[in-house]
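Engineer: Would you mind keeping the following structure in view while I ask a few things?
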């Protein structure tokens, strides 16, 4: 990717990440709290998502401003450059990651937590490790590894949250 295309990619990525960060922050602020029962601000479930969403928003704003400065105000946005950005491998990987995370988010509470976490980890590994140019039969080890990591991750995450952090999981 050339320097000029990199500046455009940074511009588009910053806008997408900024929208994601703002959305995450707003959704986290809407999370229910237990303030009526004597809880303090630090025990609210939305504290970490608010911090993460805010950090993503701030960093993406810096990235946006940096791309504008590097392009000297001439980012050169066109339908062709946007099309190239959308078809770029990195963009597809980022969009796939966001899609998997959103799918996990929307299914949370509709499926048992341990099963959903296993499916998320398994799908994530399969999606990013499978070589689509080689036959699936020759990549069976990846499926086995994905299943093992998925089971171990879902059990460990569930136990950590329930036994160490005392968080009731959906």
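The values are calculated or read from the model by the stated rules, or taken from the named source; none is laboratory data. Source: prediction; values computed, not measured. Cβ sites come from the backbone with ideal geometry, for glycine too, and all protein chains shown count toward neighbours.
Engineer: Can you tell me which residue among 47, 69 is over 15 Å from the mean Cα position of the chain (by Cα) and either modelled with pLDDT under 75 or surrounded by 12 or more Cβ atoms within 10 Å (Cβ to Cβ) (or both)? Walk me through it before giving the result.
Structural biologist: Details: 69 fails: either modelled with pLDDT under 75 or surrounded by 12 or more Cβ atoms within 10 Å (Cβ to Cβ) (or both).
Among 47, 69, only 47 is over 15 Å from the mean Cα position of the chain (by Cα) and either modelled with pLDDT under 75 or surrounded by 12 or more Cβ atoms within 10 Å (Cβ to Cβ) (or both).
Results for (1) surrounded by 14 or more Cβ atoms within 10 Å (Cβ to Cβ); (2) at pLDDT below 95, shown as yes or no for each residue.
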{"position": "73", "(1), (2)": "no, yes"}
{"position": "77", "(1), (2)": "no, yes"}
{"position": "82", "(1), (2)": "no, yes"}
{"position": "90", "(1), (2)": "no, yes"}
{"position": "108", "(1), (2)": "yes, yes"}
{"position": "120", "(1), (2)": "yes, no"}
{"position": "125", "(1), (2)": "yes, no"}
{"position": "133", "(1), (2)": "no, yes"}
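Engineer: Go through (1) surrounded by 16 or more Cβ atoms within 10 Å (Cβ to Cβ); (2) over 22 Å from the mean Cα position of the chain (by Cα) and name the single condition residue 144 misses.
Structural biologist: That leaves (1) as the condition not met.
Engineer: Of the residues in the stretch 48-66, how many are touching a residue at least 24 places away in the same chain (Cβ under 8 Å) and either touching a strand residue (DSSP E or B) at 6+ places or on another chain (Cβ under 6 Å) or farther than 13 Å from residue 14 by Cα (or both)?
Structural biologist: 5
Engineer: Next question. Condition (residue is part of a loop (DSSP other than H, G, I, E, B), out of contact with any strand residue (DSSP E or B) (no Cβ under 6 Å at 6 or more places or on another chain) and over 24 Å from residue 20 (Cα atoms)) applied to the stretch 149-164: is it met by at least one residue?
Structural biologist: no
Engineer: State which residue is modelled with the lowest pLDDT when the search covers only the stretch 135-148 and only residues that are assigned to a helix (DSSP H, G or I) and in contact with a helix residue (DSSP H, G or I) (Cβ under 9 Å, 6 or more places away or on another chain).
Structural biologist: From the stretch 135-148, those assigned to a helix (DSSP H, G or I) are 137-148; that's our starting set.
Still in the running and in contact with a helix residue (DSSP H, G or I) (Cβ under 9 Å, 6 or more places away or on another chain): 139, 142-143, 145-147.
Numbers: 139: 92, 142: 95, 143: 96, 145: 97, 146: 97, 147: 97.
My answer is 139.
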